[in-house]
Amino acid sequence: MTVREAILEGTNRLTGHGAETPYLDATVLLAFCMGVTKEHLFAEFLSEVPAGALENFRDSIAKRERGIPVSYIRRQKEFYGRLFYVDERVLVPRPDTETAVEATLEILDRGQTGGRSGQEPGAAAPRVLDCCTGSGAIAVTLAAERPELEVAGSDLSAGAREVFLLNARRILGRQLPFFSADILDGVPGTWDLIVSNPPYLRSDEVAEMRERDWPEPPDALDGGPDGLELVRRLVGEALYSLKPYGYLVIEVADDQNMDVRMILQDAGYEETGTREDLAGRRRVVIGRRG
């Protein structure tokens, strides 16, 4: 069977099975099974697919038909230009979350955390915590982009801890501190900036997803009845974990944006603001502790 024929077979099998991009999924999976790039695949459209690769490809298509994300099948997901290991113990990093990384870097590059008015000679490196870190996508990206930072991650999930440490080793060549913690309960010390992509879906949304056998861990999705239960906890607990003038950066859904800004303001945070993702959705809310 040629590359072209295999892609068409995979596309036909995925069409009507919930895959939003059946052709793309089939192409990515075939490239993965053959150990080549998509670009190489297109250049070899009429070449024969090796028997072993074809068997693995058909197995992968069967998994995708059952609703398993391509990232879980491949055990990898690109985020901010780097490949992260992912499996069913953690959420698959979304491009939307890159907005939280951009917002964090913007704040840090201004040098205003902890009351700084600029990069003071001899000043201690800013301390940044990625709360509810999951795969470590945010924490590892920040550490890779700004090696001078003191970056750590925290999560309640033991599985997330293993994936986090694996990604730190693979991408950074070193470990990052990790704290097993329920939100910020169990995280020692104080921080110049806390960034988080916490669970923010409503419980009924998560229940519907579980009925559809959604493979991602529900504890990493479920934010309570209104989706903001853990956000409220984070906002309150961060008041004690942030240094004076430290920043809190939270990813939320677009329709939660104003509610989260009000939660921050009611708790006494200042300079609350919003950052939009590439689709124009209000993806990130920012507040500064007084």
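Of note:
- Condition met for residue 19 (more than 24 Å from residue 163 (Cα to Cα), in a helix (DSSP H, G or I) and either among the aliphatic types (A, V, I, L, M) or touching a residue at least 60 places away in the same chain (Cβ under 8 Å) (or both)): no
- Within region 203-230, the set of residues being in a loop (DSSP other than H, G, I, E, B) and under 17 Å from residue 256 (Cα atoms) comprises 221, 223, 224, 225, 226, 227, 228.
- For region 1-42, the candidate set comprises residues that are among the small types (Gly, Ala, Ser) and modelled with pLDDT under 90; within that set, the residue that is farthest from residue 76 (Cα to Cα) is 16.
- Pairs are defined by a Cβ separation below 7 Å, a sequence spacing of at least 6 or placement on different chains, a first member in region 206-217 that is within 18 Å of residue 70 (Cβ to Cβ), and a second member that is basic (Lys, Arg) and surrounded by 16 or more Cβ atoms within 10 Å (Cβ to Cβ); the pairs so defined are 217/89.
- Residue list for region 213-230, restricted to those being farther than 16 Å from residue 133 by Cβ and under 22 Å from the mean Cα position of the chain (by Cα): 213, 214, 215, 218, 222, 223, 224, 226, 227, 228, 229
- One residue from 238, 279 being crowded, with 16+ Cβ neighbours inside 10 Å and outside any strand (DSSP E or B): 238
- Filter result for residue 172 (over 20 Å from residue 104 (Cα atoms), aliphatic (A, V, I, L, M) and surrounded by fewer than 22 Cβ atoms within 10 Å (Cβ to Cβ)): no
- Some residue of region 250-264 being out of contact with any Pro (no Cβ under 9 Å at 6 or more places or on another chain) and part of a strand (DSSP E or B): no
- Among residues of region 102-127, those that are within 20 Å of residue 190 (Cβ to Cβ) and either modelled with pLDDT of 95 or more or surrounded by 15 or more Cβ atoms within 10 Å (Cβ to Cβ) (or both), counted: 9
The values are calculated or read from the model by the stated rules, or taken from the named source; none is laboratory data. Everything numeric here is computed off the predicted structure, so don't read it as measured data. Note that we place each Cβ from the backbone using ideal geometry, even for glycine, and neighbour counts take in every protein chain shown.
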